[in-house]
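Here is the structure we will look at, set down as structure tokens.
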Amino acid sequence: MSVSLALDRLKKTFVQNGREISAVDELSLELAPGEFFTFVGPSGCGKTTTLRMVAGLETASAGRILFDGRDVTQVPTQKRGIGMVFQDIALFPYMSIWQNIAYPLRVAGMAKAEIDRRVQQTAELLSISDKLGMKPAQLSGGQQQRVAIGRAIVKEPNILLLDEPLSALDARLRTEMRSEILRLHRRIKATIIYVTHDQIEAMTMSMRIAVMERGRAAQVDTPRNVFRRPNSESVATFIGTPAMNVWDAELREEGGS
């Protein structure tokens, strides 16, 4: 089951060398249940910090996070019903693939029969059923990323958070995994929040995107609208390859035209 997500004037500040620095500045957004939503922007724009606050890994300085209208801002990570895949795959090298996927269920004290069922179901979904007895070092980068995703979705989360999960893969594998993630989204129907600096990923995978700039959402819209109708020069020059040309001009009215 997927849930809606609302960020209500969410804010995160850090103190550095005695100065207060704003990482996320009163960000307000609403995501529909089952939406594939992407935060895109350059390094330091606040996209990963926002994701970590949704996950409960960072404490919000102000504002609220709501799942289906329920305030979870102070709820611990393990009680939020989320799954998360990090940029660093971070599999346990000494565990089998089965053990890696099953790990969060075993920590939660789930019955062995239910763990077996979920691991098998997840492995089939990700086409790694024949890899369950192997160790991570025996798999390719793309297969390891599938295992990391499997470990996140085996908990059957309401919201799946993906923090630049494909950045360590080569170009061919990134293309393949984009298709895999979209296929997975269609099947599990969870609300997905995806973080990337890669505009191709943002534009080709998302239902909507937020172009982040200095802790704020410069524009939130469908990929098509962001590309065709950017609402600022910064969005216009960030989205698109090559970037849009920008020049100074003066608009005058002469003779009613």
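The values are calculated or read from the model by the stated rules, or taken from the named source; none is laboratory data. Just so it is clear, the model here is predicted, and its values are computed rather than measured. For neighbour counting, all protein chains shown are included, and Cβ atoms are generated from backbone atoms with ideal geometry for every residue, glycine included. Areas reflect the complete protein model, heavy atoms only, side chains present, ligands, DNA and RNA absent. Shrake-Rupley method; radii C 1.70, N 1.55, O 1.52, S 1.80 Å.
Taken together, the residues in segment 221-242 that are of a type in the set (A, V, I, L, M, F, W, C) and open to solvent by 50 Å² or more (accessible area, probe 1.4 Å) amount to 2.
One residue stands out among those in segment 128-160 that are within 22 Å of the chain's Cα centre (by Cα) and not in a helix (DSSP H, G or I): the one that is nearest to Glu176 (Cα to Cα), which is Leu160. Inside segment 36-88, residues that are open to solvent by 30 Å² or more (accessible area, probe 1.4 Å), more than 19 Å from Glu156 (Cα to Cα), in a loop (DSSP other than H, G, I, E, B) and not charged (D, E, K, R) make up a count of 9.
Considering only residues that are buried (at least 22 other Cβ atoms within 10 Å of the Cβ) and touching a residue at least 40 places away in the same chain (Cβ under 8 Å), look in segment 158-171 and name the one that is farthest from Ala32 (Cα to Cα).
Pro165
Can you tell which of Met134, Met212 is touching a Phe, Trp or Tyr at 6+ places or on another chain (Cβ under 7 Å) and not basic (Lys, Arg)?
Checking each option against the conditions leaves just Met212.
The residues of segment 222-253 that are of a type in the set (Val, Ile, Thr), touching a residue at least 40 places away in the same chain (Cβ under 8 Å) and touching a strand residue (DSSP E or B) at 6+ places or on another chain (Cβ under 8 Å) amount to a single one, Ile239. Every condition in (1) modelled with pLDDT under 95; (2) touching a strand residue (DSSP E or B) at 6+ places or on another chain (Cβ under 7 Å); (3) farther than 24 Å from Met205 by Cβ; (4) of a type in the set (A, V, I, L, M) is met by Val85 except one, and the failing one is (3).
Among residues of segment 117-143 that are farther than 16 Å from Gln99 by Cβ, none has a beta-carbon under 8 Å from a residue that is crowded, with 17+ Cβ neighbours inside 10 Å and modelled with pLDDT of 95 or more at least six positions away or on a different chain.
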